[in-house]
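Data block below; observations after.
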Amino acid sequence: MNRFFDRNEYRRDFPRRAFVRLDDIEPIAPGPEDELTFVLDAIDADWEGFGEGGPFDLSDPNLEHRIARYWRSRFGGDGDGEEGPDGYEEVPIYQLELSLSPGQKFFDLMPRNEELWLSIELSDIASETPINVYGGLFGEPVRAYLHSAPSTAPSGPLSTVFGMTTWPDASQADLIAALQPQCDLEALVCFDIGQGSASALVCQCGVPIYYFDTGCGSKRNAPTAPASIDFCTCFAPTVILSHWDTDHWAAAAGHAGLMAQTWVVPRQTISTSHTSFANSILKAGGNILIVANGAAALTWSSRHQDYDLQRATGTGRNGSGLVLIVTDRPSKRSWVLTGDAGYDLIAQTAPTDIAAMIVPHHGADMGSRSIPFRRSTNSYARLFYSFGPGNGHGPKTPPVRHPVTAAVSAHQSQGWNHR
């Protein structure tokens, strides 16, 4: 496993030159004068593995072919994934965070989507643009500074190495087979894992048969997570990953039981940490089934419940993730698991009687078009905000904490009485 995921042996330096790709930007629905926080996945651009003869030689004309063969091996086909050192375990991964206001230096030059790769140079000489550099998912940051404008990076080769382009989509039949329940459900459980999201669908035996996200507080929000997080895997539960944002899978990093399970994930634009994490799942004996872009709805049933898993209709990771609705046929009541997708981007029709619903994006302001599903008239209805107390999410001036007032007010207007 890459050192980035090690709670004790993470990197405690920063790269002088880095290739970066946008991982997250907050807030989701900014005003014209709002400060923005940019979270960038980063790699040490001077790592020897990018040079001639390295596992990720960016100048190799056969790079795409070699990477495709590697992933075919990992996904169970032919290939040479076992030959030589594993570049995904060795590559120096970092994550950078910086907050900028409109008019501030470099504000307009920062990426606004997850497609673009850039090259930046960092130093320890103080400037007006400080950056927090995380050498580990759960480590303390190192302070560095940006002095010059970001420049172009070799986007094609980097996207080949740190992306899903050579990974196979799963068939509808394989997905449904992996999602078939072992017995009927009895409870939806949301775990207290800090600033992140992790839920389980628990059967009548009292054991999880699905996990919907397995995240926890990490990086600047690592202090919000409990010291110990564990997950029951005794019934070999299928893990449904709503989308690839770190706070929806971080608790699984290093968890041998979860890593060895079958993961149902959406095809999305990812980069360094996500690719290395997926590599660790496959090396641990787990299976990754990819829901393709434009995939048909995945629907299946148990004796008493109906399941409806669909891609959200938006763009970016938040807007194109997986949304799950489970409906109990005898009671006609439903659970809604949204991931980070706004309500206006959920492909399924809103259930008429919601027993429990997980608020999108931990209670972020999802914009005026995201109108929450209405609370039913049933006396029992539960609304879950999965956030860590004291979290820092988004701009620092003034500090932003989830859930934000706009999200709480939007749900109250639809009958969810927070008291």
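The values are calculated or read from the model by the stated rules, or taken from the named source; none is laboratory data. All figures in this text were calculated on a predicted structure; none of them were measured in a lab. With ideal geometry, Cβ positions are generated from the backbone for all residues, glycine too; neighbour counts draw on all protein chains shown. Only protein heavy atoms, including side chains, enter the accessible area calculation; ligands, DNA and RNA are left aside. Shrake-Rupley method; radii C 1.70, N 1.55, O 1.52, S 1.80 Å.
Suppose a student asked you for the relative contact order of the chain, using Cα pairs under 8 Å spaced at least 6 residues apart; what percent would you report?
This gives 14 percent for the chain.
Amide H to amide H, which residues 5 or more places from D23 or on other chains are under 5 Å from it, using H placed in the peptide plane?
Those lying under 5 Å, H to H, from D23 are V39, L40, D41.
Using a ≥ b ≥ c from the Cα gyration tensor of region 214-352 (square roots of the eigenvalues), is it rounded, prolate or oblate, where a/c under 1.5 gives rounded and otherwise the larger of a/b and b/c decides, a/b for prolate?
prolate
Under a point spin-label approximation (7 Å from Cα along Cα-to-Cβ), what is the A292-T165 distance to one decimal in nm?
Inter-label distance under the simple model: 1.9 nm.
Measure off 7 Å from each Cα along the Cα-to-Cβ vector at D230 and D34, then give the distance between these two points in nanometres to one decimal.
Modelled inter-label distance: 4.0 nm.
With no solvent and one point per C-alpha, what does the Debye sum give as log10 I(q)/I(0) for region 152-257 at q = 0.14, 0.21, 0.24 Å⁻¹?
Debye intensities relative to I(0), on a log10 scale: -0.68, -1.13, -1.25.
Express the carbon and sulfur contribution to the solvent-accessible surface of the chain as a percent, rounded to the nearest whole number, probe 1.4 angstrom.
Whole-percent figure for carbon plus sulfur exposure: 49.
Of all the Cα-Cα pairs you can form in region 93-141, what percent are over 18 Å apart?
39
Using a probe radius of 1.4 Å on heavy atoms only, what accessible surface per residue do you get for region 220-322? Whole Å² is fine.
In whole numbers, region 220-322 has 30 Å² accessible per residue.
Report the full-extension gain for the segment H65 to Y380: residue separation times 0.36 nm, less the Cα-Cα distance, to one decimal in nm.
Once the chain is fully extended between H65 and Y380, it gains 107.9 nm.
For the chain, state the average projected area of the convex hull of the C-alpha atoms over all orientations, rounded to one decimal in nm².
So the Cα hull casts an average projection of 19.9 nm².
Quick check for the chain: number of Lys pairs with alpha-carbon distance under 26 Å, counting only pairs 8 or more apart or on different chains?
Number of lysine pairs found: 4.
With runs of 4+ DSSP H residues as the only contributors, calculate the mean residue ellipticity of the chain at 222 nm using -39,500 (n - 2.57) per run, divided by the residue total and rounded to the nearest 500.
Estimated from H runs of four or more residues: -3500 deg cm²/dmol.
Round to a whole angstrom and tell me the spacing of the C-alpha centers of region 168-185 and region 17-46.
Centre-to-centre (Cα) distance: 35 Å.
Normalized C-alpha radius of gyration of region 115-195, against 2.2 N^0.38 Å?
1.84
Under 1.5 on a/c is rounded, so check that first for region 48-170, then, if it is not, pick prolate when a/b is larger than b/c and oblate when it is not; a ≥ b ≥ c are the square roots of the alpha carbon gyration tensor eigenvalues.
Because a/c hits 1.5 or more and a/b exceeds b/c, region 48-170 counts as prolate.
Under a plain spin-label model, where a point goes 7 Å from the Cα along Cα-to-Cβ, how far apart in nm are S331 and T313?
My value for the distance between the label points is 2.9 nm.
With the Cα gyration tensor of region 273-334 giving a ≥ b ≥ c as the square roots of its eigenvalues, does the rule (a/c under 1.5 for rounded; else a/b larger than b/c for prolate; else oblate) give rounded, prolate or oblate?
oblate
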